[in-house]
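Undergrad: I have a structure here, written as structure tokens, and I will follow up with some questions on it.
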């Protein structure tokens, strides 16, 4: 279980800024977000980066309730 | 030589006049300042009135610091360096991002600023939403987030 944050278009697609999502590793949590947030979010996800506590994450990285996973769609700063 | 960096994320107007004065160093004969301003159109979107920027705020400054570190590695001649980005709602003509460096000679300043703004646009977690007369949507031409020295990981 971890907190998942959604930014930019991912926030619109998920319909939420953040959510507590089940799973024991990054890959499980991300898979659970796909089930929970539907097709529009699932389509956007492959273009997104996934960070764990501010760093790029690998799917097998273990997570707990204190951890923060961020779903970061293509960026458009500047 | 003074090698200070000024790196900031803010909701207020960017103090570009101060930045310009701050980067000037006695040993540097070149200052290059790039400002990205809010434009009134985007591809086929006409009449853009505002941009709303949002960020993964805790990681914007660290990410800009990494760019600064890499810029200094590539151009050791850099004297002072400033990267400032604004978030929140900005209207047409307002400055969203400022990048400035000073170097002894102009070629390095021009190259370093060009590389820095290009890198900032692909590695810093910031998103813009365009708001026009009868609609609003996320910015076109967004780039998949890259890591400096790392390809990152896709979501699945």
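Undergrad: Taking segment B:96-130, which residues are part of a strand (DSSP E or B) and at the interface with another protein chain (Cβ under 8 Å from one of its Cβ atoms)?
TA: B:96, B:97, B:126, B:127, B:128, B:129
Undergrad: Right, something else. Looking for whichever is crowded, with 23+ Cβ neighbours inside 10 Å and in contact (Cβ under 8 Å) with a residue 24 or more places away in the chain here; the options are A:77, A:27, A:8, A:23. Which one fits?
TA: A:8
Undergrad: Which of the residues that make up segment B:23-54 are closer than 25 Å to residue B:68 by Cα, touching a strand residue (DSSP E or B) at 6+ places or on another chain (Cβ under 6 Å) and either in a helix (DSSP H, G or I) or free of Cβ contacts under 8 Å to residues at least 24 places away in the same chain (or both)?
TA: Hit for segment B:23-54 is B:23, nothing else.
Undergrad: With the requirement that a residue be in contact with a helix residue (DSSP H, G or I) (Cβ under 6 Å, 6 or more places away or on another chain) and surrounded by fewer than 17 Cβ atoms within 10 Å (Cβ to Cβ), what does segment A:11-20 give you?
TA: Matches in segment A:11-20: A:17 only.
Undergrad: Mind counting the residues in segment A:31-57 that are within 7 Å of chain B (Cβ to nearest Cβ) and farther than 23 Å from residue B:60 by Cβ?
TA: Number satisfying all stated conditions: 1.
Undergrad: Looking only at segment B:60-86, which residues are within 14 Å of chain A (Cβ to nearest Cβ), touching a residue at least 60 places away in the same chain (Cβ under 8 Å) and surrounded by fewer than 20 Cβ atoms within 10 Å (Cβ to Cβ)?
TA: Correct list: B:65, B:66.
Taken together, the values in this text are just the output of simple stated rules run on the coordinates, not laboratory data. Just so it is clear, the structure is predicted and the values come from calculations on it, not from any experiment. Every residue, glycine as well, gets a Cβ built from its backbone with ideal geometry; the counts of neighbours run over all protein chains shown.
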